[in-house]
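One structure is given below, encoded as structure tokens.
The values are calculated or read from the model by the stated rules, or taken from the named source; none is laboratory data. The shown structure was predicted, so the numbers you read here are calculated from the model rather than taken from an experiment. As a convention, Cβ positions derive from the backbone with ideal geometry for all residues, glycine included, and neighbour counts pool all protein chains shown.
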Amino acid sequence: MTLTLVSHSPCSPALFGALAACVAQAEDALLMHFPADFHVGQGMDGVQMVAAEGALVASGFVWYERMTGREIRPVSNIKTVIDTARQHAVVLPWDTTLQSDVLRETLLAQAHAAGLSARHLTVLSQNGAWHVEDHDGIPTAHGRWRQDAFGRWVNHESDTPHDAYARSLCIALLGSEADQRDVYPATLAALGDAADAAQVNLDIRFIAPAQLDVSQLDWVDGIVLPGGCDMTNVPGQIRAARHALASGIPVMGLCLGMQSMTTALAQTIAGFEQANMAEAAPDAAIKSFVPMAGIAELEVHRLGERRLQFRDAALEYRFQHHLTIRCNHRFMLNPELIPPLLTAGLVITATDVSGQIVDMIDWPSHPFYQGMQGHPELGSRAGAPHPLIKDFLLAAQASANAGAASPNDH
């Protein structure tokens with residue numbers, strides 16, 4: 001069998017493993033990987049891709065799952081790589097700023113001793129496209145690759161441009177463009193999948209939450225509150241959600257974003273104006289989301305793929321191909337806050353199998369105010385968008401159409 005190292009160095013967290021995934025797809029190989037620790041300066045969410053087995057890996061590995069349909073494995077060691085390569089072709093992404101020459105030489109020596117065929121390919125960029133060369137500098141047969149407007153990888157030669165859709169939507173994505181493209185690319189890619197399915201063009205407005213002025217949201221058709229581990233984004237997300245509640249703009253929350261939008265809703269209830277998330281505001285008098293640690297039968301850290309329990313049969317049917325979700329969180333909706341939220345009109349549409357963790361919420365009196373505690377964007381694929389994300393865009397489209405029609409009603 002063959003062991004292939006694909007060097008792409010230096011590269012951003014979102015690029016790490018991307019071209020290795022292209023090679024793995026073309027050669028029906030398994031993608032394995034060694035630790036890749038990106039420093040905080042490269043983006044806090046650089047290692048926030050959730051593997052189904054329960055591990056956080058480099059965010060660029062989302063491309064392997066999207067391209068091949070296979071689940072990314074947790075971090076491996078030399079022995080595991082060699083043992084696997086004896087049975088199946090293996091591709092390893094390589095970055096000389098993250099992996100050492102000693103590790104490489106040890107790996108290749110053990111591969112040779114095991115009788116494996118080993119090669120080292122290099123990723124190069126030219127005229128906006130990426131290709132892979134062999135040790136002698138000769139381009140391989142894997143073709144040239146580029147990224148579309150949503151960061152999704154397409155083969156340059158086989159890609160067939162399509163006409164722009166007749167309809168367009170302006171969507172505010174509460175995150176810097178650098179974070180959404182270079183650090184954690186899954187959310188933007190999932191929006192692209194849903195846009196294709198809904199046959200709409202998207203004008204994405206990237207808005208850094210810390211710099212948010214809510215007047216920036218007055219002309220958008222929808223708001224996305226993404227996930228992430230940077231708690232400094234929470235105040236801006238909450239302000240955006242409060243604005244959406246008041247204005248009727250459709251809004252969708254993913255993981256951290258779901259926590260922010262639920263907190264924003266709690267703050268509109270008399271007596272709970274000071275509610276905030278324990279992780280983001282430890283001194284808050286009222287905690288909207290609290291640690292799972294110490295609660296009987298619950299995990300301290302919910303990490304990996306988990307089964308959803310829907311409260312409504314019709315919704316379960318709608319999500320029939322997405323009955324699980326990738327999770328990465330240590331906090332849950334405060335059980336003490338659930339009764340007043342339900343009284344105010346919140347609907348809990350899905351929980352974990354124990355019924356204790358709120359996994360999905362809806363505010364039915366709003367055009368679209370829905371969120372999921374996990375990461376639905378990781379379940380999206382080209383041609384098969386996640387239903388929550390597609391429904392959000394359809395709601396944004398309906399809202400935009402209603403807004404366009406309203407002047408003629410007078």
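Listed values, structure above:
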read-out: Of all residues making up segment 342-395, the number that are part of a helix (DSSP H, G or I) and not hydroxyl-bearing (Ser, Thr, Tyr); value: 15
read-out: Failed item, numbered, when Asp83 is tested on (1) modelled with pLDDT of 95 or more; (2) of a type in the set (Asp, Glu); (3) closer than 22 Å to Gly304 by Cα; value: (3)
read-out: Restricting segment 375-410 to residues that are surrounded by 19 or more Cβ atoms within 10 Å (Cβ to Cβ) and among the small types (Gly, Ala, Ser), the residue that is modelled with the lowest pLDDT; value: Ala400
read-out: Residue within segment 37-48 that is modelled with pLDDT of 95 or more and outside any loop (DSSP other than H, G, I, E, B) present; value: no
read-out: Residue within segment 344-356 that is in contact (Cβ under 8 Å) with a residue 60 or more places away in the chain, within 25 Å of the chain's Cα centre (by Cα) and under 21 Å from Gly228 (Cβ atoms) present; value: no
read-out: Exclusive hit being part of a helix (DSSP H, G or I), under 22 Å from the mean Cα position of the chain (by Cα) and not basic (Lys, Arg), set Val224, Val234; value: Val234
read-out: One residue from Leu256, Leu225, Leu212, Leu245 being under 21 Å from Ile338 (Cβ atoms), surrounded by fewer than 24 Cβ atoms within 10 Å (Cβ to Cβ) and of a type in the set (A, V, I, L, M); value: Leu245
read-out: Among the residues listed as Met292, Met261, Met231, the single one being buried (at least 24 other Cβ atoms within 10 Å of the Cβ) and in contact (Cβ under 8 Å) with a residue 40 or more places away in the chain; value: Met261
read-out: Total residues in segment 300-341, condition part of a loop (DSSP other than H, G, I, E, B) and closer than 20 Å to Pro376 by Cβ; value: 10
read-out: Subset tally (residues that are within 23 Å of Gly175 (Cβ to Cβ), surrounded by 15 or more Cβ atoms within 10 Å (Cβ to Cβ) and either out of contact with any helix residue (DSSP H, G or I) (no Cβ under 9 Å at 6 or more places or on another chain) or among the β-branched types (Val, Ile, Thr) (or both)) for segment 37-59; value: 5
read-out: Selected residue (only one of Val23, Val50, Val40 is in contact with a strand residue (DSSP E or B) (Cβ under 6 Å, 6 or more places away or on another chain) and within 20 Å of Asp230 (Cα to Cα)); value: Val50
read-out: Enumeration of residues in segment 195-216 that are within 19 Å of the chain's Cα centre (by Cα) and closer than 20 Å to Ala241 by Cβ; value: Ile204, Arg205, Phe206, Ile207, Ala208, Pro209
read-out: Pick from segment 322-374, criterion among the hydroxyl-bearing types (Ser, Thr, Tyr) and within 30 Å of Glu71 (Cβ to Cβ), ranking: surrounded by the most Cβ atoms within 10 Å (Cβ to Cβ); value: Thr349
read-out: Filter result (part of a loop (DSSP other than H, G, I, E, B), more than 17 Å from Thr4 (Cα to Cα) and either hydrophobic (A, V, I, L, M, F, W, C) or free of Cβ contacts under 8 Å to residues at least 12 places away in the same chain (or both)) within segment 123-156; value: Asn127, Ala149, Phe150
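Every residue, every condition in (1) within 23 Å of the chain's Cα centre (by Cα); (2) in the same structural domain as Cys327 (by TED's automatic domain parsing); (3) crowded, with 22+ Cβ neighbours inside 10 Å; (4) not aromatic (Phe, Trp, Tyr), yes or no:
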| site | (1), (2), (3), (4) |
| --- | --- |
| Phe61 | yes, no, yes, no |
| Arg70 | yes, no, no, yes |
| Ser76 | yes, no, no, yes |
| Thr106 | no, no, no, yes |
| Ala109 | no, no, no, yes |
